[in-house]
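A quick write-up on the structure given underneath.
The values are calculated or read from the model by the stated rules, or taken from the named source; none is laboratory data. The structure displayed is predicted, hence computed values, not measured ones. Cβ: placed from backbone, ideal geometry, glycine included. Neighbour counts: every protein chain shown.
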Amino acid sequence: MFKLSDYGYDLPKARIAQTPCKNRSDARLLHINRAKTSLTHHRFDQLTKLLRKDDLLVINNTRVVPARLLGKKKTGGRVEVLIIDYASGIQCLEENGYFQCDCLVKASKSPGAGERVFFENDVQARIIQRKGYISEVRFLNGPGFVEFLKNTGKIPLPPYIHRDTGVQHQADNEDYQTVYAQKEGAVAAPTAGLHFTQSLMKALSKKGIEFAPITLHVGYGTFVPVRVDDIRDHEIHSEFFSLSNESAKKINTAKKTGRRVVAVGTTSVRTLEYLSCDTGIVTAKSGMCDLFIYPGYTFRCVDAVITNFHLPESTLLMLVSAFHTRKKMLEAYKTAVDKEYRFFSYGDAMLID
């Protein structure tokens, strides 16, 4: 269960969703009941019936920033810059007066240390250093850069979602955010949350289900493939998280009173497990989460998971395989393929309880 090849599965390209459902909560939902070892098929809005009236849903309220910029080198060559650590850039801006962070820089010949990249409105950036495939970049327009990014940057869709230049960009700006997104800093959406609507959340609340927001700024590392044969040798990416006193109190009250903590998305799972002690009690704090969950891990806080379908051989598939079992999870994925579920960020979801 530690071989990378143990987490492969066949997925026709036609099953990779390119757009979301017109109504988010009309997405399909595969319910995996671990105790009964059963699989049943539903619509996402049927969570109102599938969840218990005293469940606590932990949601990730991160907001995706328009982190993709198009610019040019001094020679006129095209350059694409993807900001992958927005939170560090904001911290640097507050401390030093300029925005500097790690980025992915794509060009026919990537600019080296000391070279500049030129954007619209006389905005410039300088490459500070190269660190493998990552570049540390300083944007030279001080506090004005954040406003420039919001007005000019593009939402960085995952590489398996294909767009012609400019097509549906405006729709993606809204579609690739959860309805409860608040805290800016992610370069990828916590996609399990994309299925929630305000009306569904109201219906769940009416049933008695509570929500507890946490923040984990999803980084580009979520798309970085595992390149080692033994998954235990993989170095997981770190991501900024924050858990408030109010949400920690809700989570701890649920654990102490025997109510279920239902994590919406693998980002919520990682954060909750990173923060919990052996009895599942969490501590309010902020920091960097680098927890890698794979089969053999013992869950302490999370009782149920709402999640999307993940890429073959990904750390996210390993995480859900730890929550269920690798064999049964791959069987569920095969069923989803056979039943023509839609996969990945804009695709359908599953409830594992």
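Taking the condition closer than 30 Å to K53 by Cα, of a type in the set (A, V, I, L, M, F, W, C) and at pLDDT 95 or above, does A203 pass?
Yes.
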Which ones in segment 162-216 are of a type in the set (S, T, Y), assigned by TED's automatic domain parsing to the domain that holds L51 and more than 19 Å from the chain's Cα centre (by Cα)? S199, S205
With the structure loaded, tell me whether R270 is under 25 Å from L4 (Cβ atoms), assigned by TED's automatic domain parsing to the domain that holds C289 and part of a helix (DSSP H, G or I) or whether it fails that test. yes
So S199 fits all but one of (1) out of contact with any strand residue (DSSP E or B) (no Cβ under 8 Å at 6 or more places or on another chain); (2) in a loop (DSSP other than H, G, I, E, B); what number is the exception? (2)
Going by what's in this entry, would T222 be described as within 21 Å of the chain's Cα centre (by Cα), crowded, with 21+ Cβ neighbours inside 10 Å and among the polar types (S, T, N, Q)? yes
Looking only at segment 323-353, which residues are of a type in the set (A, V, I, L, M, F, W, C) and either touching a residue at least 60 places away in the same chain (Cβ under 8 Å) or more than 15 Å from T267 (Cβ to Cβ) (or both)? M329, L330, A332, A336, V337, F343, F344, A349, M350, L351, I352
Return the total of residues in segment 158-194 being within 26 Å of A125 (Cβ to Cβ) and free of Cβ contacts under 8 Å to residues at least 60 places away in the same chain. 6
Within segment 294-353, take every residue that is part of a helix (DSSP H, G or I) and polar (S, T, N, Q) and give me the one that is surrounded by the fewest Cβ atoms within 10 Å (Cβ to Cβ). T335
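For segment 44-61, state whether one or more residues are over 30 Å from T197 (Cα atoms) and among the β-branched types (V, I, T).
No, segment 44-61 contains no residue that is over 30 Å from T197 (Cα atoms) and among the β-branched types (V, I, T).
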Would you point out which residue out of F139, F148, F241 is crowded, with 17+ Cβ neighbours inside 10 Å, of a type in the set (F, W, Y), in contact with a helix residue (DSSP H, G or I) (Cβ under 7 Å, 6 or more places away or on another chain) and not assigned by TED's automatic domain parsing to the domain that holds E80? F241
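For segment 132-183, what are the residues that are of a type in the set (F, W, Y), assigned to a loop (DSSP other than H, G, I, E, B) and modelled with pLDDT of 95 or more?
If the condition is that a residue be of a type in the set (F, W, Y), assigned to a loop (DSSP other than H, G, I, E, B) and modelled with pLDDT of 95 or more, then Y176, Y180 are the ones that fit.
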Would you confirm, using the coordinates I've provided, whether R63 is among the basic types (K, R), within 18 Å of G185 (Cα to Cα) and touching a strand residue (DSSP E or B) at 6+ places or on another chain (Cβ under 9 Å)? yes
